[in-house]
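Chemist: For reference, the structure I am asking about is given below.
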Amino acid sequence: MVIDMEMKENMILAILVFFPFAGAVLTGMVGRKSEKARDGLACFITAGELIIMLVMFLENRNGAVSYQCRLPGLCGMGLHFTLEGFRLLYGLIAAFMWMMATILSGEYMSNHKHRNRYYLFLLATLGATMGVFLSADLFTMFIFFEVMSFTSYVWVAQEETENALKAAATYLAAAVIGGLVMLMGIFVLYDALGTLDIAELFPAAQAFSGNRAVLYGAGACLLFGFGTKAGAFPLHIWLPKAHPAAPAPASALLSGILTKTGIFGILAVSCHLFLNDRTWGSLMLGIGALTMFCGALLAVFSIDLKRTLACSSISQIGFILIGVGMQGLLEENLTAVRGTLLHMVNHSLIKLVLFMAAGVIFMNAHALDLNEIRGFGRKKPFLKGIFLTGALAVSGIPLFAGYISKTLLHESILESGGAGLMKAAEILFLISGGLTAAYMTKLFAAVFVEKNSEAGKQAEYDQKKPYMNRGSSFALGVSAFVLLVWGLFPHTLMDAAAGLGGGFMNPSPAESGGEAVAYFSLSNLKGALISIVIGVCVYLFVVRKLLMRENAYVDKWPKWLDMEYLLYRPLLLGVLPVLCGIACRVFDSAVDIGVVVLRKTLYRDSPLPCERREGNALTEFLGRIMNALQAVRNRLWGRKKQTHKEFVHLTAAGVEDFRESFMIIQRSLSFGLLMFGIGLMLTLIYILWW
């Protein structure tokens, strides 16, 4: 492998990607000797990754410098990494979240099996995720995307319970199918444009003179692959199952970061290949609206803590996709760009806080059902404050981070004119925001306000002290503090981050300067207030009245509406094999019929003047000679014991038996292995001799 000399100073990008992989192997080796040393080493590696990203962020926070690193020859086409504003921001967020999750893992995984395996794949997934975010082209992104899918699969299957293995199988199937479809799109796109470099996609698409349907087909394949990882409707089926099955620290990363790798891929396609394309923007808006509403609806009905948070992630991904769609529909799209980026960041930080808090609850209560964990946090003010910070932020309450990004997204819808489909999108946006407030209120009230129906269990919960160690307290406290401060200073922190990372999405040149948004004006507060009122009504009249029975939460979501078993499994395991079988039989029969027709018409056999009943000319010739020799024998020395065999028939039958025996030998595995061994031996002799 040769590295360009001019790129040596940027090898720090390769270190950011491959350092966690090396750390994963080292951690696995150390873990065989000392679990305490392994846990410390894992924290050291993630802290090192964070420090490197933080130094680079501080040196280049104005986004003026863009790093490049090429590794020619790797994986065929070579690997290409880059680091500019957006990647700088999300690399820092990923490193921060990984360090917090790793610190919590020390206590959370202390009583679990296969901890070595967990840390190995925890760090390997960090390297793969960094590889995705630092990718400069779609080929590099695909390589690390697939590595990330397989390493994170182990998170879902970690507990090895029946539900965990089923969820892992669903996750892996979605990842593999999505990856194959994505690869198909990459092939088509490279054939059409001749480049996979993200920065070159837009000019190459503009210069493309062929049928634009080819680009839409390639884009659809890429959207399928990236949308599967993002959890976009209707490809979200893995997400509500994988999050509850995985350990809580892994769930925080699955929801907060791994879904964003899918969003990153969607942004690369939407903001570079289909920049300012209204058709593509309308598609993204429609997918975003469905994802946003359906995820929120699922969360309202769920009575499992982590499943509710997982469905919430689906809904928040929908909010982000709304922003992606509006970028393509607006001529001046800076508001949509900033709203999209900030809601990505907000959702990452929010789900880090909420899933780690859920992990602390599970560590102590060993349950996730709201009826079982009810009242756990009544006398735990620290945990209550942390969970409340995340709940208020994701609900879009003013003075918290989620309010800022949702306000920007709402404003982008209003900027379109608010007529027709845009009005419907706005209504769905406000309703989904209300549903978010409703299900988060349900979670907070159940865990931190209401009492458990069993007095003994409630007393046990109230007396449980300490309920987490200092390391876990540090991870949760710092994460919640960052989220709180992040939302309290929107102009100082959030606008600066939007300015740093927004350039990746190619905002309109006319608005490149941008103006400060009056986040707390009456018109902007109005949208938040509408969603809050909807949330209060849903909580009081739907959650409390319809989804509770005898003061207990009831799961009333119809089981038959599970899309995996309603649609995907019947399609992939039932309908599709049958259709493929029918198609294969038709094609097979068509070939046979075609051969017969040709034999009867164009290639009809010509009649032979003296066609043999059996054998061939050689067997007949040998048979006649042997018949003649037999006649001579009978006349001369074999008169007493004459023989009368028909050697023409016997010779033909013998040759046919030999052919059948040889055919059986040729088709046997032993013969194949023998031929392979002979071929290999001759090849080695040739190589060594010549």
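The values are calculated or read from the model by the stated rules, or taken from the named source; none is laboratory data. Remember, it's a predicted structure, so these values are computed and weren't measured experimentally. For neighbour counting, all protein chains shown are included, and Cβ atoms are generated from backbone atoms with ideal geometry for every residue, glycine included. SASA here: full protein model, heavy atoms, side chains in, ligands and nucleic acids out. Shrake-Rupley method; radii C 1.70, N 1.55, O 1.52, S 1.80 Å.
Chemist: Here is a list: LYS442, LYS465. Which entry is of a type in the set (Lys, Arg), over 25 Å from ASP495 (Cβ atoms) and open to solvent by 40 Å² or more (accessible area, probe 1.4 Å)?
Modeler: On the way: LYS442 fails: open to solvent by 40 Å² or more (accessible area, probe 1.4 Å).
Exactly one of LYS442, LYS465 is of a type in the set (Lys, Arg), over 25 Å from ASP495 (Cβ atoms) and open to solvent by 40 Å² or more (accessible area, probe 1.4 Å), namely LYS465.
Chemist: Filter region 206-245 down to the residues that are surrounded by fewer than 22 Cβ atoms within 10 Å (Cβ to Cβ) and aliphatic (A, V, I, L, M), then identify the one that is farthest from LYS351 (Cα to Cα).
Modeler: ALA207
Chemist: Select from region 464-492 the residues that are assigned to a helix (DSSP H, G or I) and out of contact with any helix residue (DSSP H, G or I) (no Cβ under 9 Å at 6 or more places or on another chain) and list them in ascending order.
Modeler: Looking only at region 464-492, we keep the residues that are assigned to a helix (DSSP H, G or I), and these are 470-488, 490-492.
Residues satisfying the conditions are ARG470, HIS491, THR492.
Chemist: Take the conditions open to solvent by less than 10 Å² (accessible area, probe 1.4 Å), over 18 Å from ALA136 (Cα atoms) and at pLDDT 90 or above and apply them to ALA22. Does it pass?
Modeler: Values: open to solvent by less than 10 Å² (accessible area, probe 1.4 Å): no; over 18 Å from ALA136 (Cα atoms): yes; at pLDDT 90 or above: yes.
The answer is no for ALA22.
Chemist: Of the residues in region 493-535, how many are in a helix (DSSP H, G or I) and either under 32 Å from the mean Cα position of the chain (by Cα) or modelled with pLDDT of 85 or more (or both)? Before the answer, list the steps.
Modeler: Applying the first criterion (in a helix (DSSP H, G or I)) to region 493-535 yields 493-505, 509-511, 522-535.
From the residues that got through so far, the ones that are either under 32 Å from the mean Cα position of the chain (by Cα) or modelled with pLDDT of 85 or more (or both) too are 493-505, 522, 525-535.
Result for region 493-535: 25.
Chemist: Go through region 85-121 and count every residue that is touching a Phe, Trp or Tyr at 6+ places or on another chain (Cβ under 7 Å) and farther than 30 Å from THR161 by Cα.
Modeler: So the answer is 7.
Chemist: Since GLY217 meets every condition but one in (1) within 30 Å of LYS113 (Cα to Cα); (2) assigned to a helix (DSSP H, G or I), which condition does it not meet?
Modeler: Only one criterion is unmet by GLY217, namely (1).
Chemist: Here's another thing I want to ask about it. Does PHE145 count as touching a helix residue (DSSP H, G or I) at 6+ places or on another chain (Cβ under 7 Å), part of a helix (DSSP H, G or I), within 25 Å of GLY286 (Cβ to Cβ) and modelled with pLDDT of 85 or more?
Modeler: Values: touching a helix residue (DSSP H, G or I) at 6+ places or on another chain (Cβ under 7 Å): yes; part of a helix (DSSP H, G or I): yes; within 25 Å of GLY286 (Cβ to Cβ): yes; modelled with pLDDT of 85 or more: yes.
Judged against the criteria, PHE145 is a match.
Chemist: Taking only pairs six or more apart or across chains, which ones have beta-carbon atoms under 8 Å, a first residue in region 450-475 that is farther than 21 Å from MET356 by Cα, and a second residue that is surrounded by fewer than 14 Cβ atoms within 10 Å (Cβ to Cβ) and not acidic (Asp, Glu)?
Modeler: Matching pairs, first to second residue: SER453/ASN551; SER453/ALA552.
Chemist: If you check MET468 against the conditions, is it aliphatic (A, V, I, L, M) and touching a Leu at 6+ places or on another chain (Cβ under 7 Å)? Break it down stepwise before answering.
Modeler: Values: aliphatic (A, V, I, L, M): yes; touching a Leu at 6+ places or on another chain (Cβ under 7 Å): no.
No: the conditions fail for MET468.
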